[in-house]
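None of the figures in this text is laboratory data; all of them are computed from the coordinates on show. Quick caveat: nothing in here was measured; it's all calculated off a predicted structure. So basically every Cβ, Gly included, is an ideal-geometry build from the backbone, and we count neighbours across all protein chains shown.
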Amino acid sequence: KWTDQERSTVRAVWEQINIDEVGPEALARVLIVYPWTERYFGSLGELFTASAVLNNAKVAAHGRVVLRALDEAVKNMDNIEDTYAALSQLHYEKLHVDPDNFRLLADCITITVACKLRSAMGPQVQATWQKFLSAVVDALQSQYH
Ligand code: HEM
């Protein structure tokens, strides 16, 4: 389902991503733009302002966890659904995360990456990257029923 071109594009984008930067920034962005997502992170404390979100160590740490999990998808592009079956189950049964939120986070990841890569992320690269994240979102939703 992936062309060689798509595989190499996804790998090339991934290689340029600094997990320690993009993870925290993307998670902070989703919490700021869609404040209702804060409800899942009750343990994070008081996230009422953008600066509180941006300076929160737990947000940063969890952002890195999410981005590290994306590495699994890059390495298993032909089997993203199985790769994330347990993670999907966890978000559904235990964390009770509304499945619509996966796409919101995926979009914030794309925006954050685009801000870093700038002209290196042309329309073709962006389309391929979003197709990849779309497969990730589908996989994370796969155990919801
Ligand atoms: C936990 C990945 C999206 C809420 C986790 C964990 C991973 C992960 C790897 C740790 C699992 C473990 O401890 O075994 C991802 C990926 C996502 C995603 C790859 C999408 C690209 C979301 C979204 C939300 C969310 C959209 C909510 C809006 C949570 C929460 C935890 C969690 C609340 C538990 C945090 C904790 O208490 O430590 N996620 N996640 N996740 N995720 Fe996600």
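Each Cα pair of region 103-145 feeds into the Kirkwood radius, which the Stokes-Einstein equation turns, at 37 °C and 0.692 mPa s, into a diffusion coefficient of 300 µm²/s.
Counting charges near THR128 (Lys, Arg +1; Asp, Glu -1) among other residues having Cβ under 12 Å from its Cβ returns a value of +1. Its Cα gyration tensor gives region 54-145 an equivalent ellipsoid; the semi-axes, largest first and in whole Å, are 22, 18, 12.
Using the Stokes-Einstein relation with a Kirkwood hydrodynamic radius computed over Cα pairs, the translational diffusion coefficient of region 77-118 at 37 °C and a viscosity of 0.692 mPa s comes to 277 µm²/s. Summing -39500 (n - 2.57) over the DSSP H runs of n ≥ 4 in the chain and dividing by its residue number, what mean residue ellipticity at 222 nm do you reach, to the nearest 500 deg cm²/dmol? Mean residue ellipticity, 222 nm, calculated: -21000 deg cm²/dmol. Taking every Cα-Cα distance in region 1-126 and sorting them into 5 Å bins from zero, the calculated P(r) comes out as 2, 10, 19, 22, 21, 14, 8, 3, 1, 0 percent.
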